[in-house]
1. So what's the gap between the Cα centers of the range 4-31 and the range 115-182, to the nearest angstrom?
2. Largest first and to the nearest Å, give the Cα extent of the range 217-354 along each principal axis.
3. The range 252-291: which trypsin sites (Lys or Arg not before Pro) are DSSP loop and have at most 12 other beta-carbon atoms within 10 angstrom?
4. Scan around HIS149 for amide H atoms under 5 Å from its own, H built in the peptide plane at 1.01 Å from N, and keep only partners 5 or more places away or cross-chain.
5. Pick from ARG114, ARG342, ARG328: which is most flexible by mean-square fluctuation in a GNM of the chain where alpha carbon atoms under 10 Å apart are linked?
6. Tell me which aspartates and glutamates have Cα within less than 14 Å of LYS183's Cα, excluding those fewer than 8 residues away on the same chain?
7. So which residue, out of PHE195, PHE179, PHE32, gets the largest mean-square fluctuation from a GNM of the chain using Cα contacts under 10 Å as springs?
8. Rank ASP104, ASP156, ASP215 by mean-square fluctuation in a GNM of the chain with C-alpha springs under 10 angstrom and give only the top-ranked residue.
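What follows draws every value from the coordinates through simple rules; no lab data is involved. All of these numbers come straight from a predicted model, not from anything done at the bench. Please note: Cβ atoms are built from the backbone with ideal geometry, for glycine as well, and neighbour counts cover all protein chains shown.
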Amino acid sequence: MSIQLFVPTFAIDEVLAEIRECLERGWTGLGFKTVEIENRWKEHVGLPHAHFLNSATAGLHLALNVFKEEYGWQEGDEVITTPLTFVSTNHVILYEGLKPVFADVDEYLCLDPRSVAQRITPRTKALIFVGLGGNTGRFEEIQTLCAAHDIKLILDAAHMAGTRLHDRTPTGDVTVFSFQAVKNLPTADSGMICFEDGHLDEIARKKTWLGINKDTYTRTSEGGTYKWLYDVEYVGFKYHGNSIMAAIALAQLPYLERDNDRRREIAARYDAGFRGLEAISTIPVAPGCVSSRHLYQIAVAKRDQMMVHLNECGVFPGVHYLSNTDYRMFADYRGLCPNADRMSERIISLPLHLRLTDADVDKVIESVIRFRIGMVA
């Protein structure tokens, strides 16, 4: 039987009960469930604001869009970012006519503060920090740099649902979570944007509903003859989440920490299996970080050959990620981030999900080691 990289697990009965309530009430769009998941998420992570969206990509774009308009950024202003991420992180910079400036990564595969410091210019307006795999890397050093240079810090927390840093949820000026189908809190596709500033949260809520100042749920629940009347204050987007996705998230949220504990158990089993093997480098978790362990990554020589070998063994890993500078659209930036380039050629994400048994994990470990032994022989 094959061992897949990601297989989501759902609390099926609870999910169906939550969705059934939406269908029985005849309300499946933005509304009572989206309000509930926002409140529950704020309680869970201890953040002051949370707005439910149709994806984390929408949240990252919205963050830059709101900041750009509120603070008067100009076309071509710069956003420091990582090349080692899913491409949507960097697409959103281009959506707003801003310039991505790639900084290198460290041993945690997160932005290296030394490289970041070298990239800061008078046109630097924001930085996007990606907590790859749930890791916090040197996030606190990045926070210090951003504060010293008045740079807006956007935390791409797509992999970080449940991550803690010194027993707290790490946050930026805005923090964006993903609840996509294979994330730690899986729905089908949705996300959450959490601004620190309540004024910006209010703007975001209008912009996610096409700039309209009263959403349909608010207009339905309020009284008065003119409850149907609204104004359009911004050029906005259709980025809001819906109650079906929120229903799934509500059913899954009570299991998030338990599920993350199991992910950490699997990661610890991998760690033990690879300990002492020089040819296999594991990606460390930063001090003070309790990672959500969305990914378990190793770095090896001859990565592509190992992928073929693992497939032949019935193991199907992934790669997170190719350096974005390998893509045609970012080709002009090639060679500027040597560590990211080197790791991009070596990293493998091994299977990590709740349906893995200890025997499955042991099979993956054995298959990886067998390939390394074959190379040495």
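1. Using only Cα atoms to place each centre, the spacing works out to 30 Å.
2. 73, 43, 35
3. On the way: sites: ARG258, ARG262, ARG263, ARG264, ARG269, ARG275; in loops: ARG275.
Answer in residue order: ARG275.
4. none
5. Residue with maximal mean-square fluctuation among ARG114, ARG342, ARG328: ARG328.
6. Counting by Cα, and skipping residues close in sequence, LYS183 has these aspartates and glutamates nearby: ASP156, GLU257, ASP259.
7. Of the options given, PHE32 has the highest mean-square fluctuation.
8. With Cα springs under 10 Å in the chain, the top fluctuation among ASP104, ASP156, ASP215 is at ASP215.
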